[in-house]
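What follows is a structure written as structure tokens; I'll ask about it next.
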Amino acid sequence: MNRLPLIAWSCVLSSLLFVLGACESNPTAGQTQSPIAQTRDYPVEDLLTVTAAASYFEPHLSENKSVLTDQLIEELTQVIQQHTEGDVAIQPGRKRFRITASTTQHRRIEDTLDRLRQDRLQAVSMDVRFIQVDAEKLDALGIAAIEPRFLTGKQIEKLHQDLEQHDVTMTRMPRVTTHNQQRGSTRIGRELAYVDRYEADSDGKIKPVVKTFDAGAVLEFTPAISPDQKDVVLELRARCAQVFVYSGAQQSHTDKPISRVAEWQTTLSMPDGNTILLPADSITTDMRAIHETPVAYFILITPQQTTLTASR
């Protein structure tokens with residue numbers, strides 16, 4: 001058996017000790033090092049701002065802003081986590097998110113927030129026209145018991161001509177633009193004041209309590225642009241009120257306006273830029289006993305996608 005000279009064994013032993021010492025001073029030697037985590041602050045207040053119009057049907061939706069903001073914070077946290085591979089530490093806030101992540105993850109977070117801001121610039125411009133027609137003219141106009149239907153440009157032109165021929169009122173509302181997936185509304189009509197009851201004030205004097213009744217039509221809508229930006233999904237809700245008898249806010253009696261109120265809601269998907277004719281309510285037979293002629297409301301809607309300008 002060959003034996004290494006002592007000096008050779010000494011050299012081998014010294015090499016081993018050097019390697020062991022290097023491993024002790026650098027425990028990660030020979031291993032893949034983890035990315036270095038960095039902490040950054042991301043301003044997000046613009047992504048958490050609720051700009052939806054107040055709801056006519058559910059007023060509390062416009063009052064409870066803190067709950068909506070908390071919900072948006074939770075949703076934004078989930079979006080960031082879903083689009084960032086690996087674990088990230090997120091400290092959410094109402095104005096900024098403090099996030100600890102790797103450099104690669106920070107780049108993904110920046111891209112995600114940029115896409116969200118671009119999505120918020122998407123909007124839908126709504127061209128809305130209310131048609132008010134006496135029930136007795138529905139058959140002549142060919143829109144009795146109509147189902148929702150899309151209209152071409154020529155059909156819209158013919159509808160205009162038919163309405164004018166029969167002295168039917170159609171009111172075009174100012175164009176309303178709302179952010180994608182945020183509520184908007186428009187209305188036509190007037191508020192009628194009436195005495196609801198009488199109450200005694202602190203001095204014992206009897207005074208009338210005046211309330212108002214909304215006559216006309218209200219339309220609320222929430223548009224959602226499809227991912228391919230070809231269609232618009234509309235959540236619609238309408239209220240139509242026709243007043244038959246109204247005596248005004250008289251001091252001698254309490255008379256709420258005698259009226260017919262119909263509420264209606266639906267969700268529909270339609271190609272961007274197309275026009276649809278919708279019945280906003282229906283004529284009920286018991287109302288024909290009233291001397292006043294019942295009125296039917298129709299809504300002509302044309303949604304058009306647009307892009308808002310970013311505000312800084």
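Taking only the range 118-147 into account, find how many residues are under 26 Å from the mean Cα position of the chain (by Cα) and either surrounded by 13 or more Cβ atoms within 10 Å (Cβ to Cβ) or part of a strand (DSSP E or B) (or both).
13
What number of residues within the range 74-98 satisfy the criterion of being assigned to a helix (DSSP H, G or I) and of a type in the set (A, V, I, L, M)?
3
Something else now. How many residues does the range 43-69 contain that are in a helix (DSSP H, G or I) and either at pLDDT below 75 or among the basic types (Lys, Arg) (or both)?
Count: 9.
Also, quick follow-up: Restricting the range 175-197 to residues that are in a loop (DSSP other than H, G, I, E, B) and basic (Lys, Arg), which is farthest from the chain's Cα centre (by Cα)?
So in the range 175-197, the residues in a loop (DSSP other than H, G, I, E, B) come out as 175, 180-183.
Imposing the further condition that a residue be basic (Lys, Arg) reduces the set to 175, 183.
Working: 175: 17, 183: 4 Å.
Once the filter is applied, the top-ranked residue is 175.
So, residue 192, is that one in contact with a His (Cβ under 7 Å, 6 or more places away or on another chain) and either open to solvent by less than 50 Å² (accessible area, probe 1.4 Å) or closer than 30 Å to residue 117 by Cα (or both) or not? First the steps, then the outcome.
Numbers: in contact with a His (Cβ under 7 Å, 6 or more places away or on another chain): no; either open to solvent by less than 50 Å² (accessible area, probe 1.4 Å) or closer than 30 Å to residue 117 by Cα (or both): yes.
So residue 192 fails the test.
Yes/no per residue for (1) charged (D, E, K, R); (2) modelled with pLDDT of 70 or more:
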{"residue": "219", "(1), (2)": "no, yes"}
{"residue": "229", "(1), (2)": "no, yes"}
{"residue": "235", "(1), (2)": "yes, yes"}
{"residue": "248", "(1), (2)": "no, no"}
{"residue": "254", "(1), (2)": "no, no"}
{"residue": "261", "(1), (2)": "no, yes"}
{"residue": "264", "(1), (2)": "no, yes"}
{"residue": "295", "(1), (2)": "no, no"}
{"residue": "304", "(1), (2)": "no, yes"}
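So the check is Cβ under 6 Å with 6+ separation or different chains; which pairs have a first residue in the range 31-42 that's at pLDDT below 85 and a second one that's part of a strand (DSSP E or B)?
37/100
Looking at the range 99-117, which of the residues that are aliphatic (A, V, I, L, M) and buried (at least 17 other Cβ atoms within 10 Å of the Cβ) is farthest from residue 86 (Cα to Cα)?
Taking the range 99-117 as the starting set, the residues that turn out to be aliphatic (A, V, I, L, M) are 99, 101, 109, 113, 116.
Retained after the next criterion (residues that are buried (at least 17 other Cβ atoms within 10 Å of the Cβ)): 99, 101, 109, 113.
Working: 99: 13, 101: 9, 109: 12, 113: 18 Å.
So, considering only residues that are aliphatic (A, V, I, L, M) and buried (at least 17 other Cβ atoms within 10 Å of the Cβ), the one farthest from residue 86 (Cα to Cα) is 113.
While we're on this one: Would you confirm whether or not the range 161-172 contains a residue that is surrounded by 16 or more Cβ atoms within 10 Å (Cβ to Cβ) and under 31 Å from the mean Cα position of the chain (by Cα)? Full working, then the answer.
First pass over the range 161-172, keeping only residues surrounded by 16 or more Cβ atoms within 10 Å (Cβ to Cβ): 163, 168.
Add one more test, that the residue is under 31 Å from the mean Cα position of the chain (by Cα), and what stays is none.
No, the range 161-172 contains no residue that is surrounded by 16 or more Cβ atoms within 10 Å (Cβ to Cβ) and under 31 Å from the mean Cα position of the chain (by Cα).
The values are calculated or read from the model by the stated rules, or taken from the named source; none is laboratory data. Keep in mind that what you see is a predicted model, and the values were worked out from it rather than measured. No Cβ is skipped: glycine too gets one built from the backbone with ideal geometry, and neighbour counts run over all protein chains shown. Please note that ligands, DNA and RNA were not included when accessible areas were found on the heavy atoms of the full protein model with its side chains. Shrake-Rupley method; radii C 1.70, N 1.55, O 1.52, S 1.80 Å.
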